[in-house]
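The block underneath contains the structure these notes are about, expressed in structure tokens.
The values are calculated or read from the model by the stated rules, or taken from the named source; none is laboratory data. Here the structure is a predicted model, which is why all the values come from computation and not from measurement. Cβ placement follows ideal geometry from the backbone for every residue including glycine, while neighbour counts extend to all protein chains displayed.
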Amino acid sequence: MTNSFIKTAVIGHPINHSKSPLIHNYWLDSYGLSGSYEAIDISTKNLKRSVQDLINQGYKGFNVTVPHKIAIMNLCDEIDELAHEIGAVNTVSIRNKKLYGTNSDAYGFIQNIKQNVPDFDFTAGKAVVLGAGGAANAVIYALLHENVPEIIILNRTKEKSKALTALDRRKLVAGEWKMRNDYLSNSNLIVNTTALGMSGKPPLEIDLTSAPKTALVTDIVYAPLHTDLLKQAKDRDLRTVTGIGMLLHQARTGFKLWNGVMPSVTKELEKLVLK
Ligand code: ATR
């Protein structure tokens, strides 16, 4: 297959830890496409100028990571509804020197569950979401679109969980972080979106005793892959989905937009990224 050379990238600061080049270059190779995907370190003060450089150099698009996911919104010519609602842009396409922003985190979160537990019924009961940061916003948006009937948001800082309930006041409830174990009975889905349990961060203290056997437990943390939360869930015979798939599935959106091919998430890719 031949195509014109397509230049893409991920921008952020710091950026050397990013797995995105590995993912996109694996797909470029797998699909025999000619293009590049680099990690470009851009500081906050250089964001505008550096993005203009990418436009001038003919880039087709780029992913955006910490700390630019909100600041990039001001530089976009258009932002889709999804990114508006999530309040952040992580995927930008460049067409006729104009920037079009979207957000692929909600898609990545849902596709990860659908690929790993195809018969999971999002509508079967309430979801409990731990955390109320940017990742929680995308997860909650995604769950509302899957018609989850009720979502309890539990966050250390309650103002943030309360603010998120504005996405849908009929379905979203801000609970008490300290009482988190008490909200797990009758839950259909339990999601950790906090950084707790990540290598180098404090543990996530939670007791899954009251979670029903039918509950699915997922973590957006993927380092370690099998977090203490997921280990505890497995020990209780609950279904689990690790966080790596969210990273891989969210990357598909940009790849499709820029290269015209919807790439697959394979076990081989997962292994490569976890190495
Ligand atoms: P992201 O965009 O990845 O979600 P974030 O916006 O910094 O990152 O959010 C991090 C989440 O982890 C927040 O919900 C945060 O809780 P606060 O809003 O109270 O800060 C949560 N978090 C981080 N450290 C925590 C800790 N030690 N205990 C409880 N929650 C913590």
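If you check every pair at least six apart or on different chains, which have Cβ atoms under 7 Å apart with a residue in the range 192-210 that is on the phi > 0 side of the Ramachandran plot first and a residue that is at pLDDT 95 or above and of a type in the set (S, T, N, Q) second?
Partner pairs satisfying both residue conditions: G197/T227.
I'd like the full set of residues that are within 16 Å of the ligand (Cβ to nearest atom) and without any contact (Cβ under 8 Å) to a residue 40 or more places away in the chain, limited to the range 133-156.
Passing the criteria: I140, A142, I151, I152, I153, L154, N155, R156.
Residues checked against (1) more than 14 Å from the ligand (Cβ to nearest atom); (2) within 19 Å of G125 (Cβ to Cβ):
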position	(1), (2)
R180	no, yes
L189	yes, yes
G197	no, no
D235	yes, no
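Only one residue in T218, T193, T227 is touching an Asp or Glu at 6+ places or on another chain (Cβ under 7 Å) and either among the basic types (K, R) or within 16 Å of the ligand (Cβ to nearest atom) (or both). Which one?
Being touching an Asp or Glu at 6+ places or on another chain (Cβ under 7 Å) and either among the basic types (K, R) or within 16 Å of the ligand (Cβ to nearest atom) (or both) holds for just one of T218, T193, T227, which is T227.
Does any residue in the range 257-275 that is touching a residue at least 60 places away in the same chain (Cβ under 8 Å) and farther than 20 Å from F5 by Cβ come within less than 7 Å, Cβ to Cβ, of a residue that is small (G, A, S) and crowded, with 18+ Cβ neighbours inside 10 Å six or more places away or on a different chain, and which pairs are these?
Qualifying pairs under 7 Å: V265/G245.
In the list L144, L172, L154, which residue meets the criterion of being surrounded by 20 or more Cβ atoms within 10 Å (Cβ to Cβ) and either more than 22 Å from D207 (Cα to Cα) or out of contact with any Lys or Arg (no Cβ under 6 Å at 6 or more places or on another chain) (or both)? Talk me through it step by step, then tell me what you get.
Details: L144 fails: surrounded by 20 or more Cβ atoms within 10 Å (Cβ to Cβ); L154 fails: either more than 22 Å from D207 (Cα to Cα) or out of contact with any Lys or Arg (no Cβ under 6 Å at 6 or more places or on another chain) (or both).
The unique qualifying residue is L172.
Could you check the range 228-275 for helices (runs of 4 or more DSSP H) lying wholly inside it with 3 or more residues that are more than 26 Å from A211 (Cα to Cα)?
Working: elements: 228-235, 244-259, 267-274.
Because the criterion is at least 3 residues that are more than 26 Å from A211 (Cα to Cα), the helices (runs of 4 or more DSSP H) in the range 228-275 that meet it are 244-259, 267-274.
Quick one: in the range 157-169, which of the residues that are touching a residue at least 24 places away in the same chain (Cβ under 8 Å), of a type outside the set (V, I, T) and surrounded by fewer than 20 Cβ atoms within 10 Å (Cβ to Cβ) is nearest to the ligand (Cβ to nearest atom)?
The residue in question is K160.
When the range 1-12 is examined, which residues are found to be surrounded by fewer than 17 Cβ atoms within 10 Å (Cβ to Cβ) and not in a loop (DSSP other than H, G, I, E, B)?
none
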